[in-house]
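I have placed the structure first, in the form of structure tokens, so that the comments after it can refer back to it.
The values are calculated or read from the model by the stated rules, or taken from the named source; none is laboratory data. Since the model is a prediction, treat every value here as computed from it, not as a measurement. Don't worry about glycine lacking a Cβ; one is built from the backbone with ideal geometry, like all the others, and counts go over all protein chains shown.
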Amino acid sequence: MGGCLFILSSDTTQNYLTNSKSDVISTNRRHRHFSTTFAFFIKETILRFTEFNFHPNLLEGIEASNYETATPVQEQVIPPIMEGRDVIASAQTGTGKTAAFLLPVMNRLLANHVDGKVGALIIVPTRELAIQISQHIEGLSYFTHLSSIAIYGGNDAQNYVAEKKALQMGADIIVCTPGRMIAHLNMGYVNMKGLQFLVLDEADRMLDMGFQDDINKIIAVLSAERQTLLFSATMPDKIRQLARRILKNPVEINIAISKPPEKIIQKAFVVYEQQKLPLIKMLLKQTPYKNALVFCSRKQTVKQLTRELKQGGLNVEEIHSDLEQAQREDVLSKFTSGRIPVLVATDILSRGIDIDTIDVVINYDVPGDGEDYVHRIGRTARAEADGAAFTLVGEKEQNKFAAIEKLLEKEVPKAEVPKELGPGPSYHPRIRTGSSGPQRKFHRSSQDRRRR
């Protein structure tokens with residue numbers, strides 16, 4: 001079994017390394033005002049969830065959810081959270097980080113339940129992710145008394161009343177999007193006194209979407225006597241600045257860099273723009289799959305491509321920000337159950353769903369940056385499954401794709417365009433692969449966010 005790299009604060013290394021049951025070599029150094037110890041695993045011993053001393057009722061939910069052994073991020077995140085430490089963690093998509101923070105938070109709330117108070121506030125960037133985490137909570141908490149609610153925009157008046165009640169009267173766990181929480185805060189009835197946990201999930205994504213001011217406003221009304229957990233796929237300067245403001249002597253954990261899992265088969269088709277539509281039809285008709293997820297950067301492209309694929313005889317639906325929330329949930333339910341085998345979506349789903357049966361991801365266009373690429377194709381090959389990711393690289397998108405290859409530190413194999421479509425262009429981008437990737441851009445304009 002291969003080794004892995006993780007980072008822990010120097011004064012906690014001994015406690016958490018003994019829990020990991022691994023041989024380590026460690027050295028200390030300072031990094032951006034965090035005192036950290038780099039520990040290199042020589043071997044791994046996989047922990048079972050029964051070894052974390054969780055509450056018996058929580059263990060029932062874990063067993064019912066078919067969880068047996070912890071992933072590396074779970075092994076390293078769970079112990080410090082259970083001991084009351086703040087945590088800043090960077091983990092690759094699909095590593096099990098949701099359970100890594102939910103399980104210890106739920107365990108502590110079972111031991112320290114307070115009626116009429118919000119126990120944990122989890123802030124996420126999208127409605128889809130809020131729903132997914134809420135469903136995760138429901139499964140794990142089935143045999144407990146813990147209550148939870150997802151608070152996000154696009155709901156009807158009845159849901160709004162339920163949200164208001166939870167924020168006034170208390171709920172053990174609230175999962176929310178920043179904008180919706182701000183709407184409630186502005187009404188003056190939100191009661192966060194006694195909050196025990198604040199969790200920021202996909203923090204880099206939230207900053208990327210322009211939610212930094214909203215996050216600051218939410219944090220300003222929370223009690224300082226709380227445990228704060230920050231999870232981010234990447235660790236740019238703005239994330240570290242945020243962490244320095246809101247975390248107290250945090251344990252810093254870094255499980256791998258943000259790259260696609262090796263088991264994903266990646267291929268790129270270098271094509272002319274007019275070749276994309278016939279090529280994707282061929283791929284969807286000739287490639288075996290249970291579920292195929294197609295990504296487009298703009299919702300107008302999603303709509304147009306869905307129409308074309310339906311006219312081509314494919315059973316396909318679309319999901320984007322123009323759909324009502326009930327419509328989105330209905331489409332996702334049909335996709336998850338296999339009634340709809342093909343789903344065309346914007347990047348709103350690149351971090352918003354976790355479906356083990358997605359075995360093919362197709363990028364109809366090249367995403368804006370390398371991190372979006374990683375998260376798009378990370379929707380496949382989840383858990384123990386295999387998966388394939390195909391990217392259609394238009395003639396004008398070659399430089400963007402080369403920048404992604406630079407982040408990946410390797411070239412993605414170029415597949416041959418089917419002969420019946422004619423020859424594609426040569427691949428001659430101006431950016432070549434190298435040792436470091438492009439910098440992620442933050443604070444997209446409001447116009448860009450509306451397009452998604």
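Might you let me know whether region 440-452 holds any residue that is assigned by TED's automatic domain parsing to the domain that holds F295, at pLDDT 85 or above and out of contact with any Lys or Arg (no Cβ under 9 Å at 6 or more places or on another chain)? Among the residues of region 440-452, not one is assigned by TED's automatic domain parsing to the domain that holds F295, at pLDDT 85 or above and out of contact with any Lys or Arg (no Cβ under 9 Å at 6 or more places or on another chain), which makes the answer no. Identify all residues within region 253-290 that are at pLDDT 95 or above, of a type outside the set (A, V, I, L, M, F, W, C) and under 30 Å from D204 (Cα atoms); write none if there are none. Of everything in region 253-290, those that are at pLDDT 95 or above, of a type outside the set (A, V, I, L, M, F, W, C) and under 30 Å from D204 (Cα atoms) turn out to be Q266, K267. So is D237 among the acidic types (D, E) and within 19 Å of R127 (Cβ to Cβ) or not? Criteria not met by D237.
Name the single residue, out of those in region 193-210 being over 16 Å from the mean Cα position of the chain (by Cα) and at pLDDT 95 or above, that is farthest from F101 (Cα to Cα). Spell out the reasoning first.
As a first pass, look at region 193-210 and keep what is over 16 Å from the mean Cα position of the chain (by Cα): 193-198, 210.
Within this subset, residues satisfying the condition of being at pLDDT 95 or above are 195-198.
Numbers: L195: 16, Q196: 13, F197: 10, L198: 11 Å.
Among residues in region 193-210 that are over 16 Å from the mean Cα position of the chain (by Cα) and at pLDDT 95 or above, the one farthest from F101 (Cα to Cα) is L195.
Among the residues of region 375-385, not a single one is under 23 Å from the mean Cα position of the chain (by Cα), at pLDDT 95 or above and not in a loop (DSSP other than H, G, I, E, B).
Of all the numbered requirements in (1) of a type in the set (S, T, N, Q); (2) part of a strand (DSSP E or B); (3) within 18 Å of the chain's Cα centre (by Cα), T234 misses one, and that requirement is (2). Among the candidates D214, D237, the residue that is among the charged types (D, E, K, R) and surrounded by 15 or more Cβ atoms within 10 Å (Cβ to Cβ) is uniquely D214.
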